[in-house]
Each structure stands twice: as structure tokens, then as C-alpha cells.
1. Does segment 42-154 come out rounded, prolate or oblate by the C-alpha gyration tensor, with a ≥ b ≥ c the root eigenvalues, rounded set by a/c under 1.5 and, if not, prolate when a/b is larger than b/c and oblate if not?
2. By its C-alpha gyration tensor, with a ≥ b ≥ c as the square roots of the eigenvalues, how is segment 70-213 shaped: rounded for a/c under 1.5, else prolate for a/b larger than b/c, else oblate?
3. Test of understanding: ordering 115, 105, 187 by Cβ neighbours within 10 Å, fewest first, what list do you get?
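No value in this document is a laboratory result; all are computed from the given coordinates. Since we're looking at a predicted model, the values are computed, not measured. Counting neighbours? That spans all protein chains shown, and the Cβs are built from the backbone with ideal geometry, glycine included.
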């Protein structure tokens, strides 16, 4: 090999040049990830037991689960947290462990002791740690023109659907703000007078409101609060909804048996910018997608969609790319 190199210096130089060129090309195409797609070898078992003290959670749930999962092959370490109403047992495995098989082994071991756990406790849930659950990029949105409820509607109806069409984007979550919803306060005495049932009322509403999931019924004194969302465009639309008929065939309207109001829903998340309530756009990438490329596509798309709504300001708060 040495003699060949000495006798053919031009050929060797060309070969080295080709290798360097290929190396440079490969380097420029190498994917960059702040959090690479690594399956950390850990599995967590979550069990809820509401309104139970941490000490009892430890004795009744955490310790039995720890004992069961510690016998799984390849376990390196078992740690746990026992808090009021919840137990979390984390099983760490040796590097190279197939997490799919390991998680199934943990499920099998936990299943063997489920009958020995408190009857009122929830069924243990086994979760694998997935690095793709970490957002790829996050924006904080605010506006001096739109109310928070209006801003959330625009982000959900325009931005979310637009961004989720980007190659490599798995999903877009909207965090913060509150949606407006219709609340129907039903008078129990009146529905008894008309011989109506709650199921009848919800059925009539659901038939004309295709976005109604299942409804939420809260008993409160002599009233029932029925939560609805969807196709109704005004309070009048809902008030004039037929919910039944009298024996003579006269329609019974919702306004005859209750009162309709518009209120903000319960807060499910919170986002702030400079101590001002805002709304967050949280984007997740598809597993295996190149973080840098997806991030660049998102930033380009944000400029495009934001141009249609210049009064909405977007501040980048996190970016893996």
C-alpha cells in the first residue's frame, strides 16, 4: 500500500480529495437536534388514589409496585414519588434496552399485583419517556387589538390549522386564554311541569349542535347547568331551540324552561409575557423529523400567516432549532 502511494501520488491525492468532498457534503446534510431522538431507557408507572395522604400512598401503592417492577430484567434503578392522591414509580433500565419490550414487562408485573391494590385506586398507567414530547418551538402571542377570547379563536382557526400542515410538524397546542361557551340554567320545577327529562333536553340540543361532545351537567340548588359549545351563533339561537312538545303538539322552547348566558370556560392553561396574560402556540415535531429543517419551515410559515394579522405579535420563547 505504501509503495502504491509513492508510485501513484496523483491517484492518492484525488482519492483523498473525493473523501474530503464527501465528508463536507455529509456534514452539511447532517441533522441537528438540541434533543436528539433518543429513547431514554425509563418507564414510569402512575397510579391515582384521590384524597389519600402521601404516607398511605407509599404503603398501599408505591411499595407494592416497586417490589413488582424491580424483578423486571435489565432494571438499573427504581425511584418513586408518593404525593397526596398519586404515586409515580420510575424504572430506569440499562442503555440498549428495548423500551417497547421493557414497558410490556412492567405492565405484566404490575398486572400481577393489581388485585392487591386498593379498590378505589385508579388502574396503574405505564408511560414511556419520549423525547418527541418536548416542543420543538414555542411562541407567545398577544394583541392590543383583539380580546383574549378573540385572539384564541384566531390562533385556533387560522394559525393552528395552517401550521399543522407543515412537513414534519406533528401537532400544535394552544395554551392559555379562555373560550366563550353557552351555559343553560334549567329550572327543575318547569321541566317537571312540562314532563321533560334531562336526557330529552340534551338530545334535542345535541341534534342541532354537532360540536357538542357529551355535555356537562352540574347540580346546583334547583338548577342544572348544561355546558354546550358549537354551532349556535347567539343566545337567541339557543333560547329558541325546541326541546320537546306538549301533549297537544305545541313546541317547548329552551327559554320556556331555563335561562341562557355566555360565560368563559374554566381555565385549562396559562401563558404570560412580561406579566401580561397571553396565549402560547406550542409546536411538536414528528418523530424522526429533522429539528433544524422543521424549525426553519415553521419560522417561514409564521411570517406568512402573521402577515395576514399584523396586529397579532408573536414572540419566540423556545426553539430547539
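1. On the way: a/c = 3.13, a/b = 1.66, b/c = 1.88.
Oblate.
2. Working: a/c = 2.87, a/b = 1.42, b/c = 2.03.
Since a/c reaches 1.5 but b/c is at least a/b, the shape of segment 70-213 is classed as oblate.
3. Numbers: 115 7, 105 22, 187 15.
With the sparsest Cβ surroundings first, the list reads 115, 187, 105.
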